[in-house]
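Please see the structure below; I have some questions.
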Amino acid sequence: QQLLKNPIQHNMQIADAVESVSSSVVGISVISIDNQSTAFEMKDGMFIPYTDQEITTLGSGLIYSNNGYVITNTHVVKEADRIFVTLVGGQKFEAQLIGLDDLTDIALLKINSKELLPVSHLGNSNNLKIGEWVVALGNPLGLFDISYQPTATIGIISGLNIDFGIKDNSYVYKDMIQTDASINEGNSGGPLINIFGEVIG
């Protein structure tokens, strides 16, 4: 009710929340070499078969600790031959895959930066309410590598404790937060935050 009385203050609170978390959001580029399938290229007027194809996948991540640990989704990095992490501002690092968990679709990466990296405050997802405003931050459609900053989309929490069961590749999506914030290819691995700038998903 108080927020409705002062919509300008509410808008500024959302903008401040986005600003406070944005510096800890990263863009992720994954290169995979597919040498199983055959493709053809035109060379000297002939179709020449080749097998090593470079496939690039895009995703998002969140800096988890200021010494370079980054969390993302397993499905973003699982088939990676090389993983690159781009920070706000455009600095790029090759990342090491530390570990991944198929069940929860969570992966941990490590980048080696000479500087301490920005970290966001983790909130408590147990205290969420349906109808609460939330913001998704990430790298939809690879825009992070163009603007060197995350894209923000706003919505509400549409549902809580959603259980999709076992999906492809044995991922288990249980106790999920449902939101109507716009999510596109490349958003995977990015944070969902509340209006206080806390990461809640």
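Mind listing whichever residues of the stretch 129-143 are open to solvent by less than 50 Å² (accessible area, probe 1.4 Å) and either farther than 18 Å from MET176 by Cα or assigned to a strand (DSSP E or B) (or both)?
Listed by number, the residues that qualify are VAL134, VAL135, ALA136, LEU137, GLY138, ASN139, PRO140, GLY142.
Of all residues in the stretch 49-73, how many are more than 17 Å from VAL119 (Cα to Cα) and either modelled with pLDDT of 95 or more or in contact with a Phe, Trp or Tyr (Cβ under 6 Å, 6 or more places away or on another chain) (or both)?
Count: 3.
If I go through the stretch 54-75 residue by residue, how many of them are open to solvent by less than 10 Å² (accessible area, probe 1.4 Å) and within 12 Å of VAL30 (Cβ to Cβ)?
Of the residues in the stretch 54-75, 5 are open to solvent by less than 10 Å² (accessible area, probe 1.4 Å) and within 12 Å of VAL30 (Cβ to Cβ).
Got a sec? Which of ILE83, ILE162, ILE146 is in contact with a strand residue (DSSP E or B) (Cβ under 6 Å, 6 or more places away or on another chain), surrounded by fewer than 18 Cβ atoms within 10 Å (Cβ to Cβ) and among the hydrophobic types (A, V, I, L, M, F, W, C)?
ILE162 is the lone residue from the list that is in contact with a strand residue (DSSP E or B) (Cβ under 6 Å, 6 or more places away or on another chain), surrounded by fewer than 18 Cβ atoms within 10 Å (Cβ to Cβ) and among the hydrophobic types (A, V, I, L, M, F, W, C).
Say we look at the stretch 1-27 and pick out the residues that are polar (S, T, N, Q) and not in a helix (DSSP H, G or I); which of these is modelled with the lowest pLDDT?
GLN1
Can you pull out every residue in the stretch 154-169 that is touching a helix residue (DSSP H, G or I) at 6+ places or on another chain (Cβ under 8 Å) and either at pLDDT below 95 or closer than 20 Å to ILE63 by Cα (or both)?
ASN169
Here's a follow-up. I'd like to verify a number: residues in the stretch 165-197 that are among the acidic types (Asp, Glu), surrounded by fewer than 12 Cβ atoms within 10 Å (Cβ to Cβ) and within 23 Å of SER29 (Cα to Cα), how many?
Looking only at that region, the number is 1.
A further question follows. Mind counting the residues in the stretch 82-127 that are in contact (Cβ under 8 Å) with a residue 40 or more places away in the chain and assigned to a loop (DSSP other than H, G, I, E, B)?
The qualifying residues number 19.
Another question about this same structure. Answer with yes or no whether ILE200 is modelled with pLDDT of 95 or more, closer than 29 Å to PRO118 by Cα and surrounded by fewer than 18 Cβ atoms within 10 Å (Cβ to Cβ).
The answer is no for ILE200.
For the stretch 88-106, does any single residue satisfy the condition of being under 30 Å from HIS10 (Cβ atoms), open to solvent by 20 Å² or more (accessible area, probe 1.4 Å) and not charged (D, E, K, R)?
Within the stretch 88-106 (the criterion being under 30 Å from HIS10 (Cβ atoms), open to solvent by 20 Å² or more (accessible area, probe 1.4 Å) and not charged (D, E, K, R)), the answer is yes, since at least one residue qualifies.
The values are calculated or read from the model by the stated rules, or taken from the named source; none is laboratory data. Remember, it's a predicted structure, so these values are computed and weren't measured experimentally. Positions of Cβ are backbone-derived with ideal geometry, glycine not excepted, and every protein chain shown enters the neighbour counts. These accessible areas exclude ligands, DNA and RNA; they are computed on the full protein's heavy atoms, side chains included. Shrake-Rupley method; radii C 1.70, N 1.55, O 1.52, S 1.80 Å.
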